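Working notes, beginning with the structure itself.
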Amino acid sequence: MTLQVERIGRVAILTLDDVGRRNALTPTLVDEIVAATAELESDESIGALIITGAPPSFCSGADLGNLTALGEHDPGAVRSIYEGFLRIYNCSLPTIAAVNGPAVGAGLNLALACDLRLAGTQARFDARFMQIGLHPGGGHVWLLERAIGPQAAAAMNLFGERLTGRRAVELGLAWECLPDDALLDRAVELAGRAADAPRELASRVKDTLRKAPWQPGFDDAVQYELDHQVWSFRQPYFAERLRSTR
């Protein structure tokens, strides 16, 4: 297995564990990510996911040998490499990337696919597509530009700028930069808060965070949120939690 899954309470930690390839996204690892995410998403006892890498890397990107073979024989098949991070992006559960080393190319996409990114002091965020003669793919530009804006996205993709954990926090790519030995504990702490919420409520809030900013106007966004808030008023856990705070 090149993916290790650990459960801490209602939090699941998915650790990419192919150190010899610096946790590159091989077809095997992609399949394991897809299968594990689907299994955890269907498990009512799990409320949040953390993605990290076996040190010293987070994820070095797509396995280049496999990527080259796919590109030469069936360019459309390159999308199969995307499936790992797209499955994380489409997961209904709250997700955190605990970036403990280099996140390169498709590995950066994997981090971008998560709702929240925490960086260790050894973290490096490196697009590197153009530097190896490739165009960015997998929704990279869309995700990155939304996270840090057009100028910073251009700096990383056109001009080869790499970000340390601290710089990533300055630009909004990461929420916090922490000592490496504190990174996972902090990720579990934050994930645990999200996991304590009712699963459907967390899923709806996550969905709204993605969709409300794209409504045609403010009034549309207000109505979009209102529909979900009215739904939450009708759930039994709202009354239960309201009573517990009195």
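Just so you know, all these numbers are worked out from the coordinates, no wet-lab data involved. The model shown is predicted, which means the values in this text are computed figures rather than measured ones. Counting neighbours? That spans all protein chains shown, and the Cβs are built from the backbone with ideal geometry, glycine included.
Would you mind ranking S80, S244 by Cβ crowding within 10 Å, fewest neighbours first? Write out the running numbers ahead of the final one.
Working: S80 15, S244 7.
Sorted ascending by nearby Cβ count, the order is S244, S80.
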Cβ density ranking, 10 Å radius, fewest first, applied to W231, W214 yields W214, W231
Between segment 89-116 and segment 170-191, the Cα center-to-center distance that results, in Å: 12 Å
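Relative contact order for the chain using alpha-carbon pairs under 8 Å, separation at least 6, rounded to a whole percent? Let's see the in-between values first.
Details: 435 pairs, mean separation 43.7, N = 246.
Averaging sequence separation for qualifying contacts and normalising by length gives 18 percent for the chain.
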From the helices alone, meaning DSSP H stretches of at least four residues, give me the mean residue ellipticity at 222 nm for the chain, per-run term -39500 (n - 2.57), in deg cm²/dmol to the nearest 500. -15000 deg cm²/dmol
DSSP bridge orientation in the chain - percent antiparallel, rounded to nearest 5: 25 percent
The helix 79-89 Cα axis meets the longest alpha-carbon principal axis of the chain at an angle in degrees, between 0 and 90 and rounded to 10, of 30 degrees
Which order, highest average first, do 53-63, 200-210 follow once you tally other Cβ atoms within 10 Å for each residue and take the mean per peptide? 53-63, 200-210
In whole angstrom, note down how far apart the Cα centers of segment 136-161 and segment 1-72 are. 23 Å
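So, with +1 on the Cβ of K and R and -1 on the Cβ of D and E, and no other charges, what is the size of the charge dipole of segment 39-175 about its Cα centre, to the nearest 20 debye?
On the way: 9 positive and 13 negative charges, 118 e Å.
Here segment 39-175 has a charge dipole of around 560 debye.
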When the charge dipole of segment 127-246 is computed with +1 on Lys and Arg Cβ and -1 on Asp and Glu Cβ about the Cα centre, the Cα farthest towards its positive end, among H140, Y237, G217, belongs to Y237
Among L171, F58, A123, flag the residue with its Cα farthest along the positive direction of the charge dipole of segment 3-195, charges on Cβ as +1 for Lys/Arg and -1 for Asp/Glu. L171
May I ask you to evaluate 6.51 cos²θ - 1.76 cosθ + 1.60, the Karplus curve with θ = phi - 60°, for each residue of segment 186-192 and list the ³J(HN,Hα) values in order in whole Hz, giving x for glycine and proline? 5, 4, 5, 4, 5, 4, x
